[in-house]
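The values are calculated or read from the model by the stated rules, or taken from the named source; none is laboratory data. Predicted, not measured: the structure shown is a model, and the values here were computed from it. Counting neighbours? That spans all protein chains shown, and the Cβs are built from the backbone with ideal geometry, glycine included.
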Amino acid sequence: MNKSIEVNSSQSHYQCNVGQDIFTEEVHRILDRAQSSNCFILIDENVERLHGDLISQSFDEADLETYMMTVPQGEASKSVSFWNSCVNFLLENGVRRNSPVFVIGGGVTGDVGGFAAATALRGVPLIHVPTTILSMVDSSVGGKTGVNHSVGKNLIGAFYQPEAVIADISFLKTLPRNEWTNGLSEILKYGAIRQSTIFDQAEIFLSEDIRQIDEQKLIDLISESIQIKADIVQEDEFEGGIRAYLNFGHTFAHALEKSCDYKKISHGEAVYLGMLAAIELSRNLGAQITADPILKYRSLYRYRVSKEELSLNDLMDHMKFDKKRTNEHIRFVLLKEWQHPFLEEVQSAKAIRQAWSYALDNL
Ligand code: GLY
């Protein structure tokens, strides 16, 4: 059974529809409503290669001019120069205030494409079509859009809510295995900070071939995760408070990604180790928890970087440039107990180093 989650924000109210083979129907519904004579597609190059025919056919069936631009794979597309190319593409092809812009792909495509939609004509209708688990359960919901700067990741951007999110699990079937675990980390994060039942539901990832997961269970898990994210961002749209809990494990993760030059470790792989570090730091501050609900999934992660290749000093240094850092000390999302997160400016470098050691021992 398909699921629909409603998200209310100051800019718009939108539905995140989750299901199997829902793409074409959803596109037609949105185009019918938009009453526009043209529409735009920004699409990840791999998704275009694997699903381009189905996507083109869905738009061909609608009677309007469609313009499509490919977003090259990789973090390099999350740049000011590529954002500029996207805006050129929209403006030079006559985007109007009511022209729907479909952004089809994973986190990179969603972030840069979303930012282009947020900024062209000061905002045109954005429809996120996330095609990875990570972008379905996290980046397509809540309105964060943006690109990187040489000083750090995600430093330029805007909060810009989509008009709709289409999460069609049919796109997941062609994902490489590591993309599944990439998304699993953000799902486990929801279990850690908010809802223990997510840990039970996530056990479907422990099945022999994760790409054979029962479709209904996957739809349920993705929609539960989206619901958790929706509840949090509805309460704190602009990250003045509890939205920061969504960064559980991320302060460590961002330092890890930077240490690996954003190449040898993916965001989700880094978040997994980051959560282990955050759990250890929480324990150091008195939390009576074990890492077992997270550690149970360790065998699914296949790291391309070893402990010996990482320097604790570099990792500590990289943390200082994380956006979550306040004036004096590094601010972490920690747990009092499972599902009870809190923010803490940790002053003890020793405790942070110990947390790193614990996480890296699991590499
Ligand atoms: N990915 C964290 C957030 O949307 O706030």
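Please enumerate the residues belonging to the range 246-256 that are in contact with a strand residue (DSSP E or B) (Cβ under 9 Å, 6 or more places away or on another chain), more than 9 Å from the ligand (Cβ to nearest atom) and not in a loop (DSSP other than H, G, I, E, B).
Quick first cut of the range 246-256, residues in contact with a strand residue (DSSP E or B) (Cβ under 9 Å, 6 or more places away or on another chain) only: 246-252, 254.
Checking which are more than 9 Å from the ligand (Cβ to nearest atom) leaves us with 248-249, 251-252, 254.
Of everything in the range 246-256, those that are in contact with a strand residue (DSSP E or B) (Cβ under 9 Å, 6 or more places away or on another chain), more than 9 Å from the ligand (Cβ to nearest atom) and not in a loop (DSSP other than H, G, I, E, B) turn out to be T251, F252, H254.
Could you list, in sequence order, the residues of the range 114-156 that are under 18 Å from the mean Cα position of the chain (by Cα) and hydroxyl-bearing (S, T, Y)?
T131, T132, S135, S139, S140, T145
Tell me, yes or no, whether the range 307-329 has at least one residue that is outside any helix (DSSP H, G or I), more than 21 Å from K263 (Cα to Cα) and at pLDDT 95 or above. It would help to see each step written out before you state the result.
So in the range 307-329, the residues outside any helix (DSSP H, G or I) come out as 310-311, 320-329.
Applying the additional criterion that residues be more than 21 Å from K263 (Cα to Cα) yields 324-329.
Add one more test, that the residue is at pLDDT 95 or above, and what stays is none.
For the range 307-329, residues outside any helix (DSSP H, G or I), more than 21 Å from K263 (Cα to Cα) and at pLDDT 95 or above: absent.
Go through (1) buried (at least 17 other Cβ atoms within 10 Å of the Cβ); (2) in contact with a helix residue (DSSP H, G or I) (Cβ under 8 Å, 6 or more places away or on another chain); (3) part of a helix (DSSP H, G or I) and name the single condition V7 misses.
For V7, the failing item is (3).
Give the range 137-152 a look and list any residue that's away from the ligand (no atom under 11 Å from the Cβ) and either closer than 23 Å to L188 by Cα or of a type in the set (S, T, Y) (or both), or say none.
The one that is away from the ligand (no atom under 11 Å from the Cβ) and either closer than 23 Å to L188 by Cα or of a type in the set (S, T, Y) (or both): S150.
When you go through M69, M136 one by one, which is the residue that is modelled with pLDDT of 95 or more, of a type in the set (A, V, I, L, M), assigned to a helix (DSSP H, G or I) and farther than 17 Å from A34 by Cβ? Let's see the steps before the verdict.
On the way: M69 fails: assigned to a helix (DSSP H, G or I).
Just one listed residue meets the conditions, M136.
From R304, R243, grab the single residue that is among the basic types (K, R) and either crowded, with 24+ Cβ neighbours inside 10 Å or in a helix (DSSP H, G or I) (or both).
Numbers: R304 fails: either crowded, with 24+ Cβ neighbours inside 10 Å or in a helix (DSSP H, G or I) (or both).
None of the others qualify; the one that does is R243.
Of the residues in the range 246-287, how many are under 15 Å from F342 (Cβ atoms) and surrounded by fewer than 22 Cβ atoms within 10 Å (Cβ to Cβ)?
5
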